[in-house]
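Chemist: First, the structure itself, so that you have it in front of you.
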Amino acid sequence: MLLHFDQEAAESFLLCVDAKTGAERWKFAHAGTSSTASTPCVYEAKGVAPQVVLTTRTLGMVAVDARTGARVWDLPGLMPKRCIASPLVTPRGLLIGQCGEGRAESFVYAVRPGGAGRPPEKVYEVVRVGGYVPTPLAFEDYLFLWKENGWVTCLRAADREQLWSERVEGPYYGSPVCVNGRLYNMTVRGDLVVLKAGGKFEQVARIALGEGSHATPAVSGGRMYLRTFSRLISVGGK
C-alpha cells in the first residue's frame, strides 16, 4: 500500500507499507514546498521493474522503484504549478501529468519514461486547454481533458492533435471514468453526464441525481457507485 504525503513541510514522503500488517517497507523522502493532492500511478512495461510515478510542483515528475523506493528517473521543474490531478499512463506507454492554478492556468505534459540507460523525455505540452482538478483520461488512442467549467477536449494521445472541444455544462470537481466506450462524470450540481469516448463529440445522456457531488464515479464488480453529498447510489450489477 502506498501513502503519499506532500505538503509545505520540512519533509514530505512516499511511504510503502505492508497492506496486511502496516509495517513500513520503504520510504522515499523529499522536500515539500507546495502542497499536492495528486495520487501517484504505477507504470509497468516489459523488461522494466514496476515504477511509482509522482507529479509534484517541488519534484516535477519522478519515478521510483516500486520494490525498493529508489529513484529511477526524474524530470525536475516539469510542473510549474500545483498538482491536484493524478498522473496516468496511456495505452501506448506515455505518462501524462497535469498542473494548474484556479480555472485559468493549466499545463498538461506527455512524457516518455526513462529506462535502460535512456533518460525520460518530454514529448509535448498542452497549455490552458486542460483542467486543474479533474484528472485527464486516456482511452484507446485518445486523451480527454476535462476542465472545471465544463470544456471537454479530445486529443490524439500520441501527438496532441485536437479532434474536438465542446462545452458540457458543469461545473466539475470530479474526474471522468470510462466504461464500455463511454465517459462518465458528475457535475457539482449533481448531474451524471455521459459522453461517447471517441473522435467525434456525442453527449449520450445527462441524468439528474437529485443532489450535488464533488466525487468521481467508481466502478467495481460490474457496478458503478455515485457519491452525492449525503447518498451513495449503486447502478448496474445483479
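The values are calculated or read from the model by the stated rules, or taken from the named source; none is laboratory data. These numbers come from a predicted model, not from an experiment. In this analysis, Cβ positions are derived from the backbone assuming ideal geometry, glycine residues included, and neighbour counts consider all displayed protein chains.
Chemist: Restricting to the range 7-39, name every residue that is of a type in the set (Val, Ile, Thr) and touching a residue at least 40 places away in the same chain (Cβ under 8 Å).
Modeler: Once the filter is applied, which keeps residues that are of a type in the set (Val, Ile, Thr) and touching a residue at least 40 places away in the same chain (Cβ under 8 Å), the range 7-39 yields Thr36, Thr39.
Chemist: List the strands (runs of 3 or more DSSP E) inside the range 159-211, counting only whole elements, that have at least 2 residues being crowded, with 16+ Cβ neighbours inside 10 Å and touching a residue at least 24 places away in the same chain (Cβ under 8 Å).
Modeler: So the answer is 177-179, 182-186, 191-196.
Chemist: For a quick check of your reading: which strands (runs of 3 or more DSSP E) sit entirely within the range 1-94 and have at least 2 residues that are in contact with a Gly (Cβ under 7 Å, 6 or more places away or on another chain)?
Modeler: Here the list reads 12-17, 24-30, 48-56, 60-65, 71-75.
Chemist: Would you tally the residues in the range 106-157 being in contact (Cβ under 8 Å) with a residue 60 or more places away in the chain and either loosely packed, with under 15 Cβ neighbours inside 10 Å or not assigned by TED's automatic domain parsing to the domain that holds Gly60 (or both)?
Modeler: Count: 1.
Chemist: With respect to Arg103, determine if the residue is in the same structural domain as Tyr132 (by TED's automatic domain parsing), at pLDDT 95 or above, of a type in the set (Lys, Arg) and assigned to a loop (DSSP other than H, G, I, E, B).
Modeler: no
So that you can scan it fast, the table gives a plain yes or no per residue for (1) of a type in the set (Val, Ile, Thr); (2) within 14 Å of Asp6 (Cβ to Cβ); (3) outside the structural domain of Val111 (by TED's automatic domain parsing); (4) in contact with a Pro (Cβ under 9 Å, 6 or more places away or on another chain):
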| residue | (1), (2), (3), (4) |
| --- | --- |
| Leu59 | no, yes, no, yes |
| Ala63 | no, no, no, yes |
| Ala70 | no, no, no, no |
| Ser86 | no, yes, no, yes |
